[in-house]
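The values are calculated or read from the model by the stated rules, or taken from the named source; none is laboratory data. Since the structure is predicted, the reported quantities are computational estimates derived from the model, not experimental observations. Positions of Cβ are backbone-derived with ideal geometry, glycine not excepted, and every protein chain shown enters the neighbour counts. Remember, those area values only see protein heavy atoms, side chains included, never the ligands or the DNA or RNA. Shrake-Rupley method; radii C 1.70, N 1.55, O 1.52, S 1.80 Å.
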Amino acid sequence: MVGLTSWQALKERANLRAGQKVFIPAGSGGIGTFAIQLAKHLGATVATTTSTGNVELVRSLGADEVVDYKKQDFEKVLGGYDVVLGTLKGAELEKSVGILKPGGKIVSLIGPLDAAFADAKRLNFVLRFVFG
Ligand SMILES: NC(=O)c1ccc[n+]([C@@H]2O[C@H](COP(=O)([O-])OP(=O)(O)OC[C@H]3O[C@@H](n4cnc5c(N)ncnc54)[C@H](OP(=O)(O)O)[C@@H]3O)[C@@H](O)[C@H]2O)c1
């Protein structure tokens, strides 16, 4: 599940390419541990956040820049990102907007299904209306 989700988000939705910068918060989580490795495989530069005890874990997975969220605010030290993977909700997701470069993308894994999902799945009119 984490592999499929990471692939759909980073490759199919964000079209992450070699040389781009991606921010993957919560790098020690189920999604994070897989997504970091996939992003590195795609040739991207990866930044992540984690708590103090997991800093070495996420480095071992290939993260280029690691922010210990117990000690630092990521939005103060990161910038110019092409893609953000939305693994955390609320204020964390909103703060991510500020580290994107113009034209950058956030692909959120949080929240309800929306009209874009209904379109992509070619659902009928009623379901498109409901999701919208
Ligand atoms: N797992 C899936 O297949 C899947 C699929 C679709 C969507 N999602 C969604 O994706 C999100 C992440 O899922 P997950 O399975 O990766 O969760 P998870 O395995 O429970 O991982 C959560 C991680 O969040 C970290 N964390 C908590 N607060 C943080 C903060 N303020 N900043 C940075 N990291 C923080 C923790 O890391 P530390 O121990 O370092 O604090 C923990 O490792 C969830 O909202 C889930 O609903 C998951």
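Tabulated results
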| read-out | value |
| --- | --- |
| Share of carbon and sulfur in the accessible heavy-atom surface of the chain [1.4 Å probe, %] | 55 |
| For the chain, with +1 on Lys and Arg beta carbons and -1 on Asp and Glu, the positive-most of Leu123, Leu88, Gly3 along the dipole | Leu123 |
| MRE, 222 nm, helices only [DSSP H, n ≥ 4, -39500 (n - 2.57), over the chain, to nearest 500] | -8500 deg cm²/dmol |
| Sparse-neighbour loop sites [trypsin sites (Lys or Arg not before Pro); segment 57-132; at most 13 other C-beta within 10 Å; DSSP] | Lys70, Lys71, Lys89, Lys121, Arg122 |
| Label point distance in nm, Arg128-Asp64, each placed 7 Å from Cα along Cα→Cβ | 4.0 |
| Residue-wise HN-Hα coupling along segment 54-65, computed from phi with Karplus coefficients 6.51, -1.76, 1.60 (Hz; x: Gly, Pro) | 10, 4, 5, 4, 5, 5, 5, 7, x, 4, 7, 10 |
| Cα-centre dipole for segment 10-125 with unit charges at Cβ (Lys and Arg positive, Asp and Glu negative), debye to 20 | 220 |
| Degrees separating the helix 30-41 axis from the principal Cα axis of the chain, which is the longest one | 80 |
| Pairwise centroid distance, computed over Cα atoms, of segment 96-113 with segment 39-74, Å | 18 |
| Surrounding net charge for Gly132, when Lys and Arg each add one and Asp and Glu each subtract one, Cβ distance under 15 Å | +1 |
| Accessible area in square angstrom per residue, the chain, 1.4 angstrom probe | 57 |
